[in-house]
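The values are calculated or read from the model by the stated rules, or taken from the named source; none is laboratory data. What you are looking at is a predicted structure, and each value in this text was computed from that prediction instead of being measured. No Cβ is skipped: glycine too gets one built from the backbone with ideal geometry, and neighbour counts run over all protein chains shown. Protein only, heavy atoms only, side chains kept; ligands, DNA and RNA dropped before computing areas. Shrake-Rupley method; radii C 1.70, N 1.55, O 1.52, S 1.80 Å.
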Amino acid sequence: AQKVTQAQTEISVVEKEDVTLDCVYETRDTTYYLFWYKQPPSGELVFLIRRNSFDEQNEISGRYSWNFQKSTSSFNFTITASQVVDSAVYFCALSEASIQGAQKLVFGQGTRLTINP
Amino acid sequence: ETGVTQSPTHLIKTRGQQVTLRCSSQSGHNTVSWYQQALGQGPQFIFQYYREEENGRGNFPPRFSGLQFPNYSSELNVNALELDDSALYLCASNPSLGTGGPLGYNEQFFGPGTRLTVL
(Lines give C-alpha, C1' and ligand atoms only; values in the text may rest on other atoms or scores of the structure.)
Protein backbone atom coordinates (compact mmCIF):
# COMPACT_ATOMS: atom_id res chain seq x y z
CA ALA A 1 0.00 0.00 0.00
CA GLN A 2 1.09 3.53 -0.61
CA LYS A 3 1.98 5.74 2.31
CA VAL A 4 3.56 9.15 2.77
CA THR A 5 5.00 10.25 6.10
CA GLN A 6 5.83 13.79 7.06
CA ALA A 7 7.19 13.40 10.55
CA GLN A 8 7.49 17.12 11.25
CA THR A 9 4.07 18.38 12.27
CA GLU A 10 5.15 21.98 12.84
CA ILE A 11 8.31 23.96 12.20
CA SER A 12 8.95 27.52 13.28
CA VAL A 13 12.01 29.48 12.19
CA VAL A 14 13.12 33.07 11.99
CA GLU A 15 13.13 34.80 8.64
CA LYS A 16 16.22 34.21 6.46
CA GLU A 17 16.95 30.85 8.07
CA ASP A 18 17.11 27.78 5.86
CA VAL A 19 14.55 25.07 6.58
CA THR A 20 14.13 21.49 5.36
CA LEU A 21 10.82 19.65 5.27
CA ASP A 22 11.13 15.88 5.35
CA CYS A 23 9.07 13.39 3.36
CA VAL A 24 9.35 9.60 3.39
CA TYR A 25 7.19 7.43 1.17
CA GLU A 26 6.28 3.77 0.73
CA THR A 27 5.18 2.11 -2.49
CA ARG A 28 5.57 -1.26 -4.17
CA ASP A 29 5.53 0.21 -7.66
CA THR A 30 8.71 0.85 -9.57
CA THR A 31 7.14 3.75 -11.47
CA TYR A 32 5.62 6.49 -9.40
CA TYR A 33 5.47 10.24 -9.06
CA LEU A 34 6.15 12.48 -6.11
CA PHE A 35 4.71 15.93 -5.60
CA TRP A 36 4.94 18.83 -3.20
CA TYR A 37 2.01 21.15 -2.67
CA LYS A 38 1.73 24.32 -0.60
CA GLN A 39 -1.50 25.19 1.22
CA PRO A 40 -1.72 28.82 2.34
CA PRO A 41 -4.44 29.90 4.80
CA SER A 42 -6.85 30.40 1.88
CA GLY A 43 -7.02 26.60 1.59
CA GLU A 44 -6.18 26.11 -2.08
CA LEU A 45 -3.40 23.59 -2.71
CA VAL A 46 -0.68 25.08 -4.89
CA PHE A 47 1.46 22.72 -6.96
CA LEU A 48 5.21 23.19 -6.43
CA ILE A 49 7.01 20.28 -8.07
CA ARG A 50 6.65 16.82 -9.58
CA ARG A 51 9.36 14.15 -9.72
CA ASN A 52 9.23 10.74 -11.37
CA SER A 53 10.82 7.68 -9.85
CA PHE A 54 13.46 7.42 -12.55
CA ASP A 55 14.82 10.91 -12.13
CA GLU A 56 16.89 11.30 -9.00
CA GLN A 57 18.43 14.59 -10.01
CA ASN A 58 18.02 17.26 -7.40
CA GLU A 59 16.13 20.31 -8.53
CA ILE A 60 16.48 23.95 -7.62
CA SER A 61 13.96 26.67 -8.33
CA GLY A 62 14.93 29.99 -6.86
CA ARG A 63 14.99 29.61 -3.09
CA TYR A 64 13.40 26.16 -3.29
CA SER A 65 15.28 22.91 -3.75
CA TRP A 66 14.31 19.27 -3.63
CA ASN A 67 16.41 16.24 -2.75
CA PHE A 68 15.07 12.90 -4.03
CA GLN A 69 16.83 9.80 -2.70
CA LYS A 70 15.35 6.53 -3.84
CA SER A 71 17.66 4.51 -1.58
CA THR A 72 16.03 6.02 1.50
CA SER A 73 12.58 6.61 -0.09
CA SER A 74 12.81 10.27 0.74
CA PHE A 75 11.87 13.44 -1.11
CA ASN A 76 12.90 16.38 1.04
CA PHE A 77 12.18 20.04 0.40
CA THR A 78 14.48 22.87 1.42
CA ILE A 79 13.68 26.57 1.50
CA THR A 80 16.75 28.76 1.56
CA ALA A 81 16.65 32.22 3.14
CA SER A 82 13.05 31.75 4.25
CA GLN A 83 10.54 34.59 4.05
CA VAL A 84 7.34 35.32 5.94
CA VAL A 85 5.36 34.60 2.74
CA ASP A 86 6.62 31.01 2.88
CA SER A 87 4.42 30.41 5.94
CA ALA A 88 1.92 27.71 4.99
CA VAL A 89 1.19 24.02 5.33
CA TYR A 90 3.28 21.92 2.96
CA PHE A 91 2.19 18.51 1.72
CA CYS A 92 4.18 15.78 0.10
CA ALA A 93 2.15 13.41 -2.10
CA LEU A 94 2.63 10.20 -4.08
CA SER A 95 0.90 9.00 -7.24
CA GLU A 96 1.42 5.62 -8.77
CA ALA A 97 1.47 5.11 -12.52
CA SER A 98 -1.28 2.88 -13.80
CA ILE A 99 -2.59 1.78 -17.16
CA GLN A 100 -6.16 2.43 -16.16
CA GLY A 101 -8.08 3.48 -13.15
CA ALA A 102 -7.96 6.57 -11.03
CA GLN A 103 -4.93 8.70 -10.68
CA LYS A 104 -5.13 9.43 -6.98
CA LEU A 105 -2.76 11.39 -4.83
CA VAL A 106 -1.81 9.96 -1.46
CA PHE A 107 -0.85 12.82 0.83
CA GLY A 108 1.22 13.02 3.97
CA GLN A 109 -0.20 14.73 7.04
CA GLY A 110 1.50 17.99 6.18
CA THR A 111 4.05 20.21 7.88
CA ARG A 112 2.93 23.59 9.16
CA LEU A 113 5.76 26.03 8.52
CA THR A 114 5.80 29.36 10.33
CA ILE A 115 8.38 31.97 9.39
CA ASN A 116 8.71 34.65 12.05
CA PRO A 117 9.93 38.15 11.16
CA GLU B 1 -5.24 30.79 -9.39
CA THR B 2 -5.82 27.42 -11.00
CA GLY B 3 -9.12 28.10 -12.75
CA VAL B 4 -10.89 25.46 -10.64
CA THR B 5 -13.86 26.92 -8.81
CA GLN B 6 -15.99 25.48 -6.04
CA SER B 7 -19.26 26.46 -4.45
CA PRO B 8 -20.33 27.21 -1.87
CA THR B 9 -17.35 28.45 0.13
CA HIS B 10 -18.80 27.52 3.47
CA LEU B 11 -21.75 25.41 4.50
CA ILE B 12 -23.34 24.49 7.81
CA LYS B 13 -25.61 21.45 8.04
CA THR B 14 -27.05 19.32 10.79
CA ARG B 15 -26.55 15.63 11.30
CA GLY B 16 -28.69 13.48 9.03
CA GLN B 17 -29.10 16.13 6.33
CA GLN B 18 -27.88 15.85 2.76
CA VAL B 19 -25.46 18.21 1.01
CA THR B 20 -24.35 18.91 -2.57
CA LEU B 21 -21.03 20.54 -3.34
CA ARG B 22 -20.12 21.83 -6.79
CA CYS B 23 -16.94 22.13 -8.79
CA SER B 24 -16.03 23.60 -12.17
CA SER B 25 -12.84 22.19 -13.61
CA GLN B 26 -10.13 24.10 -15.38
CA SER B 27 -10.74 24.62 -19.07
CA GLY B 28 -9.59 21.63 -21.11
CA HIS B 29 -9.58 19.25 -18.14
CA ASN B 30 -12.00 16.35 -18.30
CA THR B 31 -10.91 14.54 -15.15
CA VAL B 32 -12.13 15.66 -11.73
CA SER B 33 -11.18 14.27 -8.34
CA TRP B 34 -12.65 14.97 -4.91
CA TYR B 35 -10.72 14.94 -1.65
CA GLN B 36 -11.76 15.32 1.98
CA GLN B 37 -9.39 17.16 4.28
CA ALA B 38 -10.15 16.92 7.99
CA LEU B 39 -8.67 19.56 10.26
CA GLY B 40 -4.94 19.08 10.68
CA GLN B 41 -4.79 16.19 8.20
CA GLY B 42 -3.74 15.69 4.63
CA PRO B 43 -6.40 15.38 1.92
CA GLN B 44 -7.95 11.92 1.47
CA PHE B 45 -9.05 10.73 -1.96
CA ILE B 46 -12.82 10.24 -2.25
CA PHE B 47 -13.29 9.44 -5.95
CA GLN B 48 -12.43 10.52 -9.46
CA TYR B 49 -14.63 11.13 -12.49
CA TYR B 50 -13.49 10.80 -16.07
CA ARG B 51 -15.83 11.47 -18.99
CA GLU B 52 -18.88 11.43 -16.72
CA GLU B 53 -18.12 8.06 -15.12
CA GLU B 54 -16.64 7.20 -11.75
CA ASN B 55 -13.12 6.07 -12.44
CA GLY B 56 -11.93 5.02 -9.01
CA ARG B 57 -12.89 5.39 -5.40
CA GLY B 58 -11.14 5.72 -2.07
CA ASN B 59 -12.23 4.27 1.25
CA PHE B 60 -15.48 6.20 1.61
CA PRO B 61 -18.99 4.77 2.17
CA PRO B 62 -21.68 4.78 -0.55
CA ARG B 63 -23.41 7.78 1.01
CA PHE B 64 -20.65 9.76 -0.69
CA SER B 65 -21.64 9.93 -4.36
CA GLY B 66 -20.88 12.11 -7.30
CA LEU B 67 -21.73 13.21 -10.78
CA GLN B 68 -19.84 14.66 -13.69
CA PHE B 69 -21.64 16.61 -16.38
CA PRO B 70 -20.94 16.91 -20.11
CA ASN B 71 -19.16 20.21 -19.50
CA TYR B 72 -16.91 18.31 -17.02
CA SER B 73 -18.18 20.16 -13.98
CA SER B 74 -18.88 17.90 -11.05
CA GLU B 75 -20.95 17.47 -7.90
CA LEU B 76 -20.22 15.70 -4.67
CA ASN B 77 -23.27 14.53 -2.74
CA VAL B 78 -23.18 13.36 0.84
CA ASN B 79 -26.27 11.77 2.40
CA ALA B 80 -27.07 11.20 6.06
CA LEU B 81 -24.42 13.61 7.25
CA GLU B 82 -22.39 12.66 10.29
CA LEU B 83 -20.37 14.88 12.60
CA ASP B 84 -17.13 13.39 11.22
CA ASP B 85 -18.03 14.63 7.75
CA SER B 86 -17.03 18.12 8.91
CA ALA B 87 -14.03 18.94 6.73
CA LEU B 88 -12.67 20.94 3.82
CA TYR B 89 -13.75 19.33 0.56
CA LEU B 90 -11.34 19.90 -2.28
CA CYS B 91 -11.97 19.41 -5.95
CA ALA B 92 -9.08 18.92 -8.35
CA SER B 93 -8.92 18.69 -12.12
CA ASN B 94 -6.24 17.47 -14.43
CA PRO B 95 -5.84 16.92 -18.15
CA SER B 96 -7.30 13.86 -19.79
CA LEU B 97 -5.93 10.68 -18.34
CA GLY B 98 -2.92 9.56 -20.30
CA THR B 99 -2.26 12.83 -22.09
CA GLY B 100 0.76 14.92 -21.31
CA GLY B 101 2.33 11.85 -19.81
CA PRO B 102 1.45 8.44 -18.39
CA LEU B 103 -1.24 8.03 -15.78
CA GLY B 104 -0.13 9.38 -12.45
CA TYR B 105 2.12 11.95 -14.05
CA ASN B 106 -0.16 14.93 -14.33
CA GLU B 107 -0.32 17.36 -11.48
CA GLN B 108 -3.79 18.01 -10.18
CA PHE B 109 -5.04 21.58 -10.01
CA PHE B 110 -7.03 22.26 -6.88
CA GLY B 111 -9.90 24.58 -6.17
CA PRO B 112 -10.21 26.68 -3.00
CA GLY B 113 -12.43 24.11 -1.31
CA THR B 114 -15.77 24.06 0.47
CA ARG B 115 -15.67 24.03 4.24
CA LEU B 116 -18.51 21.88 5.54
CA THR B 117 -19.51 22.00 9.19
CA VAL B 118 -21.93 19.39 10.49
CA LEU B 119 -23.62 20.20 13.80
Out of A:LYS16, A:LYS38, sole residue that is over 17 Å from A:PHE107 (Cβ atoms), modelled with pLDDT of 95 or more and not β-branched (Val, Ile, Thr): A:LYS16
Scanning the stretch A:25-54 for residues that are open to solvent by 60 Å² or more (accessible area, probe 1.4 Å), more than 12 Å from every other protein chain (Cβ to nearest Cβ) and in a strand (DSSP E or B) gives A:GLU26
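Return the residue satisfying two criteria in turn: it lies in the stretch A:82-108 and is assigned to a loop (DSSP other than H, G, I, E, B) and modelled with pLDDT of 85 or more, and of such residues it is surrounded by the fewest Cβ atoms within 10 Å (Cβ to Cβ). Reasoning before the result, please.
Restricting attention to the stretch A:82-108, the residues satisfying the condition of being assigned to a loop (DSSP other than H, G, I, E, B) are A:82-83, A:87, A:97-105, A:108.
Adding the requirement that they be modelled with pLDDT of 85 or more leaves A:82-83, A:87, A:104-105, A:108.
Details: A:SER82: 22, A:GLN83: 12, A:SER87: 17, A:LYS104: 26, A:LEU105: 28, A:GLY108: 24.
The qualifying residue surrounded by the fewest Cβ atoms within 10 Å (Cβ to Cβ) is A:GLN83.
Quick one: how many residues across the stretch A:55-69 are part of a strand (DSSP E or B) and either surrounded by 16 or more Cβ atoms within 10 Å (Cβ to Cβ) or free of Cβ contacts under 8 Å to residues at least 12 places away in the same chain (or both)? Break it down into steps so the answer makes sense when it comes.
Filtering the stretch A:55-69 down to residues part of a strand (DSSP E or B) leaves A:59-61, A:64-69.
Pick out the ones that are also either surrounded by 16 or more Cβ atoms within 10 Å (Cβ to Cβ) or free of Cβ contacts under 8 Å to residues at least 12 places away in the same chain (or both) and you get A:59-60, A:64-68.
Total satisfying the criteria: 7.
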Could you figure out which of (1) modelled with pLDDT under 90; (2) in contact with a Ser or Thr (Cβ under 6 Å, 6 or more places away or on another chain); (3) not β-branched (Val, Ile, Thr) isn't true of B:ARG51? (2)
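One line per residue, one yes/no per condition, for (1) among the hydroxyl-bearing types (Ser, Thr, Tyr); (2) open to solvent by less than 70 Å² (accessible area, probe 1.4 Å); (3) modelled with pLDDT of 90 or more:
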{"residue": "B:GLN6", "(1), (2), (3)": "no, yes, yes"}
{"residue": "B:HIS29", "(1), (2), (3)": "no, yes, no"}
{"residue": "B:GLN37", "(1), (2), (3)": "no, yes, yes"}
{"residue": "B:SER65", "(1), (2), (3)": "yes, yes, yes"}
{"residue": "B:VAL78", "(1), (2), (3)": "no, yes, yes"}
{"residue": "B:LEU88", "(1), (2), (3)": "no, yes, yes"}
Restricting attention to strands (runs of 3 or more DSSP E) lying wholly within the stretch B:9-73, give those where 3 or more residues are more than 9 Å from chain A (Cβ to nearest Cβ), in contact (Cβ under 8 Å) with a residue 24 or more places away in the chain and over 16 Å from B:ALA92 (Cα atoms). B:10-13
